[in-house]
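The numbers here are math on the coordinates, done by the rules we state, and not lab data. Here the structure is a predicted model, which is why all the values come from computation and not from measurement. Cβ placement follows ideal geometry from the backbone for every residue including glycine, while neighbour counts extend to all protein chains displayed.
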């Protein structure tokens, strides 16, 4: 392939930059987004290496420490929930479990469910959105109306109801695995229309563009056009919105756990800890504060990064 | 029949909110005695009322409260301590007169009692009230005492009654407007306890709108309903038609009563402490957060009453689930469990005393014993392992443990037991179920419990007044277990225990009966069917403005007829 | 436009039918498929001492023994024609639209819902007012002083706002302002506005602010982006060139066109919120639609759940419709 060389000084060729390169350059300049991204990576590492971190800095997340608890009041001894070098975030009321370890382990459930649910909804949303936007006609009507139905539902209510109906053993799964799978499906299933709408809109406008026409006139079939022409051009918006969907799903999972339909005890979750903390926050504020902050930091980091990514990929946005 | 008798002396535990309790009343006297009238007394309920309709209500606190707007034939005396558990005539002139070997009971009504609209109360209104309470499809919440004991002869409901006056039930006669006669299927010497239930509070037929009657119950007591927003709040004001001359028991102090419903339990406590509220109506004691604040602060601590309650928080060991069908495996659980963890789950010493057997010590004739002792109640792992070996499970086993999802203390219990039993290799899988369906569909349904490996079932039971029979019958009699669910006996099946219960019914001598209760208690523990947890105590908070405060043994909480307020 | 409205209304009715049918499926058919008998379903609504015969009677009374489509048909019929219910001595007519009677409490659902609606409306209205004012003004100032300390701080706070779950901010706010400083009402306080407007506002202040914080953040971001877009447009330059005062340029020309997308989102948010602010109402234990709906779901009280879903969907659909119609008013290019 001949090099596209301009009239510049010898040896310096001006290269055409792909969108990816442009975006990366922009992203590198956005320090806030980078900080968000770094935090996201750190949190993911924390989740993966939770056992190691807890082994060094804390106590096993299920281990009781009755010696940390005032037997009369049932709250941790010491200041602010018994914070000490030994118990970084203090202890849990009644049983004295290490709040730090539980927050660290809680990140696993939170991130796992949020990632998996996002993947599911992106998959559903992309496939249905592309089909809807590309084919139009009654297919579009059907899918669009389905999305309307989903958006008209009180989602949280349905999620609570569904999570309550499922028995102890289902789909050959039990225990935490079943509950996590269930949460992934519920959250993923209810949030796909958000992606679907965006993808449909993009597909709708792409359909009218010249290169699609060109492909079609060259005799390409629909599946081929969809895969080779449409999808690559949809990659950027999909990437941006999935990044922004993750924090939403983290909040969704936390809300479900808060309302008592999430993963079962004694497995720690942030929402579940907050739900219990409602009985204790006046006398053991640490038990409320740290899981809450964990949710906040995680969601904020994803939002910062997602924002930066959007700015980088879309020159018009600021 | 046995079930009926048992139900008679019981207001079962459970239900929405934080349940009710039973107390011996540690504070014998009256706090802030006063006869100053006036002011508004403010109550709050963390749940909803099952129903204000006297035919459709079944909680100790609702029965305590119902005496403010209704007069039953007899009632618990509004008096502190043991006095509060004695029955005194209310609508009737005297306690019931029995004849025909306690199969027929007759009451004569006081003259001059009127409904809030001025209509005089007659014995027919009482009969009608009892008749309608028999209709369990319209009034599902109420107890079934009368259904089980009256000689119904097929009578189901006044709403299906061909009699023009809807008074077709033959088992109750009203020879004149002041006399009412009950005919029973079987002799029953404790009928006065039946006559104190709200079901005998008169209902005027003209005002009866069935399941809608609860929206405006017609008062015969000192207070009448002013407003009633279902599920939210109701207010009551003095009933001008209530005549103190007809009522030797009630000395109502406040002018107005308000009750807020469905208030978050922690908010109830906070409002109680901050003075925005006078009484937490369920009478179950403050929650964990308020407990910390109240006990940690001397000024508040002085305003508390710790009531020991005839209630046991326990965990049933389900013999339907292998390997707990083997007594040695059940004994292993009993040895391995750390009882101090159980007690901590219920709030430590404030929440109750570590239980080593079933009958709460406040019940007359109850005797403490410990067949599975361990140092400081923290468990004996060596013995547990011995029992596991004897059971053929030397490395331990795995089973499920269920609890009611809405109860944080039961969750804490499940987690604590999971920790302490793991020391002996017994692994527990924790399974929460909704409170409302717990006995009907899950833990109390034998097929479900077995199929889902509910080897350990967290539960609790309280008697209405200190009585061995009332406490034990519904939880240890194997003949009350129904395959359709709704059981409160969660798997205790021993013919010897059933036999002892029958013997106790025949025993007329109190000491001999108490001996039998002890025997049953011991047998249950020998069979290792139950892991006793905590004999409950309730920490009641009494705001300084509350007057005439005392705990009555009849309802095991503050007596709501007596309360007044200095707040004007 | 008339024909358009009619078409939208028909679509809305169909949507409501689908939504309620789906509700039926989730709450009724799914447990049935999971093996629950009519008696199992009914046993939730009987007292503690019910015999198997009584359970069966109640199952029949509540209609659980009928096929599912018959039950759904009955529900729809009640909505359209009204229904009759036995209270024991009499049958009570429940006029259309009849949402049915709660299985658990035997209370009629519609009055119950209407009773709780003012709470949710108060919450939503107050919150919306605050978030609209705070969000939009912050967004405008940020856009005008782009890159300033104010802009950066405001956008930082806004991003924090959307990243905080309301059950955390709510608890935190209660802990600090109500219990520690004692300057706001404790959780669970609510007085109807007609009873005492001052007390009403005082009690709702904390929920309003918490709710507004969450939403204002999004609105500030949206307004800022919109303003930045429009302020770069030609017509703004023209306006400035005409010598109009900057104030007029910003408020009359800039903000006005930036407001269109805000209006859309606002309509949808409000519609969604009126269907029940579940988390806010749970956190502050306010007796609104949201708390009612969670209680209904937890108790499996199907008529209540159906009622809540129906009301919630109606709000969303109406909000959608109003927004679309408003578009035609605001933007002359839109034609139907």
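Springs between alpha-carbon atoms under 10 Å, Gaussian network over chain C: tell me which of C:170, C:147, C:290 tops the mean-square fluctuations.
Fluctuation is largest for C:147.
Mind giving me the FRET efficiency for residue C:96 and residue C:260? R0 is 35 Å, r the Cβ-Cβ distance, nearest 0.05 is fine.
Values: r = 38 Å, r/R0 = 1.09.
With R0 = 35 Å, the Cβ-Cβ based efficiency is 0.40.
If R₀ is 45 angstrom, what is the calculated FRET efficiency for the pair residue C:61 and residue B:367, using the beta carbon separation as r and rounding to 0.05?
Numbers: r = 47 Å, r/R0 = 1.05.
Calculated transfer efficiency: 0.40.
Enter the Cα centre distance for the pair the range B:253-283 and the range B:145-175, rounded to the nearest angstrom.
Here the two parts' Cα centres lie 39 Å apart.
Given a Förster distance of 56 Å, report the FRET efficiency between residue C:8 and residue A:49 from their Cβ-Cβ distance, rounded to the nearest 0.05.
It comes out at approximately 0.55.
Relative to the longest principal Cα axis of chain A, at what angle does helix A:19-29 sit, 0 to 90 degrees, rounded to 10?
Tilt relative to chain A: about 40 degrees.
For a quick check: sort B:369, A:302 by the number of other beta carbons within 10 angstrom, fewest at the front.
Starting with the residue having the fewest Cβ neighbours, the order is B:369, A:302.
Arrange the following residues from fewest to most other Cβ atoms within 10 Å of their Cβ: A:119, B:500, B:557.
Working: A:119 15, B:500 18, B:557 28.
So the ranking, lowest neighbour count to highest, is A:119, B:500, B:557.
Which value in nm describes the separation of the simple spin-label points at residue C:238 and residue B:322, placed 7 Å from the Cα toward the beta carbon?
That separation, rounded to one decimal, is 8.7 nm.
Which residue fluctuates most in the GNM of chain A (Cα springs below 10 Å): A:159, A:294, A:55?
Highest fluctuation of the listed residues: A:55.
In the Gaussian network model of chain A, springs joining C-alpha atoms below 10 Å, which of A:170, A:117, A:301 carries the largest mean-square fluctuation?
It is A:170.
Summarise the partner chain shielding of B:125-137 as one whole number: the mean count of Cβ atoms from other chains within 10 Å of each residue's Cβ.
Partner-chain Cβ atoms within 10 Å, mean over residues of B:125-137: 2.
Hey, what angle do you get for helix B:381-391 against the long axis of chain B, alpha-carbon based, 0 to 90 degrees rounded to 10?
Long axis of B:381-391 versus the principal axis of chain B: about 90 degrees.
Pull out a ≥ b ≥ c, the square roots of the eigenvalues of the alpha-carbon gyration tensor of chain A, then state rounded if a/c is under 1.5, prolate if not and a/b is larger than b/c, and oblate in the remaining case. Intermediate results must be reported in sequence, preceding the final value.
Working: a/c = 3.11, a/b = 1.66, b/c = 1.87.
Taking the square roots of the gyration eigenvalues as a ≥ b ≥ c, chain A is oblate.
Other chains near C:156-167: what is the mean number of their Cβ atoms within 10 Å of each residue's Cβ? Don't skip to the end; give the middle numbers.
On the way: counts 3, 0, 0, 7, 4, 1, 6, 13, 7, 13, 3, 13.
Average neighbour count from other chains, rounded to a whole number: 6.
For peptide B:261-267, how many partner chain Cβ atoms fall within 10 Å of a residue's Cβ, on average?
Details: counts 1, 6, 5, 10, 4, 10, 7.
Other-chain Cβ atoms within 10 Å of each residue's Cβ, averaged: 6.
For residue A:216 and residue A:146 in one chain, what is 0.36 nm times their gap in residues minus the Cα-Cα distance, to one decimal in nm?
22.3 nm
If you stretched the chain out fully between residue B:386 and residue B:353, how much longer would it get, using 0.36 nm times the residue separation minus the C-alpha to C-alpha distance?
Gain in length upon complete extension: 9.1 nm.
Over chain B, what is the mean sequence separation of C-alpha contacts under 8 Å (at least six apart), divided by residue count, expressed as relative contact order in percent?
Contact order relative to length: 25 percent.
How do B:342, C:4 rank when sorted from fewest to most other Cβ atoms within 10 Å of their own Cβ?
So the residues, fewest neighbours to most, are C:4, B:342.
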